[in-house]
């Protein structure tokens with residue numbers, strides 16, 4: 001029986017070598033800094049020791065967070081002086097919950113961990129469980145969605161909350177008076193890449209693409 005191994009490689013995109021259908025790690029991007037920039041200087045300091053001292057990149061990552069409005073963490077250095085950055089789902093969900101808690105007609109917001117993907121390969125994604133005030137238009141939409149009605153208005157409600165948070169969201173109803181929102185890391189990743197590309201210190205940015213190799217029998 002053939003075994004399948006997956007490795008993650010920094011693949012420089014030239015002339016559209018990768019397409020939108022190429023699989024990548026949700027919430028994980030690779031960044032290459034401009035030579036001589038503060039980011040590159042911090043990276044040179046980080047890789048001066050073995051293993052790399054990721055703490056040397058702390059101030060640079062903080063600046064990237066402030067510029068992209070997305071909590072980030074440097075997880076490792078890849079071949080070719082690429083830095084692997086991960087979205088921090090916990091802080092991202094906490095910030096989103098804080099914004100929603102002061103929104104009209106919202107009674108409560110809880111940060112929850114959603115069900116993990118099949119085979120438990122990674123922690124479950126972060127989500128928000130929202131309860132709207134009784135008899136508010138939003139609570140009526142959620143209640144009716146539970147019974148299979150109000151699909152268009154429900155989609156519009158999720159879209160409005162997504163715009164308010166400036167985050168891509170998926171919406172579900174599993175309790176008649178609760179809206180469950182999932183922060184869509186798959187959709188957020190290319191958004192993060194575009195924000196990073198716009199920064200002067202960043203020479204290249206891309207999703208962390210997966211490359212699969214099949215072993216011989």
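Laid out as a table, the results:
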| quantity | calculated |
| --- | --- |
| Stretchable slack from residue 159 to residue 105, in nm (0.36 nm times residue separation minus alpha-carbon distance) | 17.8 nm |
| Residue 81-residue 134 pseudo-label distance in nm [points 7 Å out on the Cα-to-Cβ vector] | 6.4 nm |
| Estimated inter-spin distance, residue 45 and residue 175, nm [label 7 Å along Cα→Cβ] | 4.7 nm |
| Whole-Å distance, taken between Cα centres, linking region 149-181 and region 76-92 | 29 Å |
| Region 29-118, relative contact order in percent, only Cα pairs under 8 angstrom and at least six apart counted | 22 percent |
| Virtual spin-label span in nm between residue 203 and residue 37, 7 Å along Cα→Cβ | 1.0 nm |
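Bear in mind these aren't lab numbers, they're just calculated from the coordinates by the rules spelled out. Given the structure is predicted, the values throughout are model-derived calculations rather than measurements. Ideal geometry is used to build each Cβ from the backbone, glycine not excepted, and the neighbour counts take in all protein chains shown.
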